[in-house]
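What follows is one structure encoded as structure tokens, with my remarks underneath.
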Amino acid sequence: MARQGEARERTVDNIRRFWDGEAADLGATPDVTIRDLFFRLHELETMVPLVPERSSLLDVGCGIGFGTLHLSHRTRRAVGVDYSEGMLSCARRLLEDDDLRRRLSSTHSRLRSLPERRPAHVELRVGDAAALDLGPERFDVITTQRLLINVPSRDLQRTVLARLRAHAAPGAVLLVAETTLQGYGRSDALRARFGLDPLERHWHNLYLDEDDLPSWISLGWRVDAVVAFETYLFLSKVVYPAACGSLNVRFLSGANAAAMEVAGAFRTRGAAAEIGELALLELWIDRIRRHDAGEAAIVSEWLGRRGAELGDWSGMGHQRLVLGRAV
């Protein structure tokens, strides 16, 4: 599913070269950093309300700037930083090219439009997160999306967190969207119940260990919560491939578009309990039908046969959002 290329030693230079190559091959589209666009949009829509109005934002590992532009919607100032010149070249184009932003708004930004005019309060800079030095400015909100998993060692991950803290204003909000070992374990266990292979791992990623989160306090960050995306990832990574077959799944499928829509209202299994699991699944099928009647029929038939076996999907999902605060 992923465009990993040949596996290499996980070093800073090799990972940077990998992302420069992705930027050269795919250009300025959100697909360059994560293929599952509907999850990306769901994640961003979860993050946006957590950015205080009129705050200053630092987005480290900004890639092509797609997430930065979404998160900057509520800010008075936003700075995106990346160490890949290829990614930053794409980000500058997205920032400067009004026509490109309009096209991506129609094709890739289904929940929130990108700015029609170049946002004057957004700035892009080149910088290595492990040696980040942006001068004396301090930011109210610091965000990352899969930055830490692209750092090749646990020690270097901690160095990055310390550098982020050095750029944080007193009491700054930390929003860290990452992929975790524990999330992978829970997801793979549920997938195995229905004969699905484990989710793909990537050579350039060192997945976050949630057991390490309490130690972030020594780096100046208090972790307040770990947010899961249970509904989307359960529907997208378990039910959809189990029903349609792993070889038939597509990131840009009607099932995934519908999962994004449903998960926007009921992000977790606990939230889904407000209407009940059966009603959630019926709502999802109805939404799939509006995108792809054929997929809806396949999923509906499978749930009729196997739905009683779904069991407890609490904690589902390899993607997590860590919410923290500078102390």
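Counting only other residues whose beta carbon sits under 12 Å from that of residue 240, what net charge do I get with K and R as +1, D and E as -1? It would help to have the intermediate numbers written out before the result.
Values: positive: 191, 237, 250; negative: 36, 292, 295.
Result for the local shell: 0.
For segment 120-190 and segment 273-327, what is the centre-to-centre distance using only Cα atoms, to the nearest Å?
Between the Cα centre of segment 120-190 and that of segment 273-327, the gap is 30 Å.
Report the relative contact order of segment 79-197, percent, no decimals, based on alpha-carbon pairs under 8 angstrom and at least 6 residues apart. List each step's numbers first, then the result.
Details: 115 pairs, mean separation 29.1, N = 119.
Computed over segment 79-197, the figure is 24 percent.
Does anyone have the angle between helix 154-166 and the longest principal axis of the chain? Alpha-carbon axes, 0 to 90°, nearest 10?
60
Considering the values (1) 28, 24, 19; (2) 32, 22, 20; (3) 35, 21, 19, which represents semi-axes √(5λ) of the Cα gyration tensor in Å as calculated for the structure under consideration?
Only one option fits the structure, namely (2).
Go ahead and set up a Gaussian network model of the chain, Cα springs under 10 Å, then flag whichever of 22, 137, 261 fluctuates most.
Largest GNM mean-square fluctuation: 137.
Take peptides 98-105, 269-276 and line them up by average Cβ neighbours within 10 Å, highest first, as a rough protection proxy.
Numbers: 98-105: 15.8, 269-276: 13.8.
Peptide ranking by packing, descending: 98-105, 269-276.
Out of the GluC sites (Glu not before Pro) in segment 168-251, which ones are loop residues according to DSSP with at most 10 other C-beta atoms within 10 Å?
Details: sites: 178, 200, 210, 230; in loops: 200.
The qualifying sites are 200.
Please compute the contact order of segment 233-327 in relative form: average sequence separation of alpha-carbon pairs under 8 Å and at least six residues apart, divided by the residue count, as a percent.
36
Trypsin sites (Lys or Arg not before Pro) within segment 182-265: which are DSSP loop residues with at most 16 other Cβ atoms inside 10 Å? Let's see the in-between values first.
Values: sites: 186, 191, 193, 201, 222, 237, 250; in loops: 201, 250.
Hits after loop and neighbour filter: 201, 250.
Helix 277-291 against the longest principal axis of the chain: what's the angle in degrees, Cα atoms only, rounded to the nearest 10?
So the inclination is approximately 80 degrees.
Compute the relative contact order of the chain as a whole-number percentage, counting only Cα pairs closer than 8 Å that sit 6 or more residues apart in sequence. Before the final figure, lay out the partial values.
Working: 576 pairs, mean separation 63.1, N = 327.
Relative contact order comes out at 19 percent.
Return one number: the angle in degrees, 0 to 90 and rounded to the nearest 10, between the long axis of the Cα atoms of helix 12-26 and the longest principal axis of the Cα atoms of the chain.
Helix 12-26 and the main axis of the chain meet at about 60 degrees.
Every read-out reported here was derived from the displayed coordinates using simple, explicitly stated rules and does not represent laboratory data. Fair warning: this is a prediction, and the values are worked out from it, not measured in the lab. Positions of Cβ are backbone-derived with ideal geometry, glycine not excepted, and every protein chain shown enters the neighbour counts.
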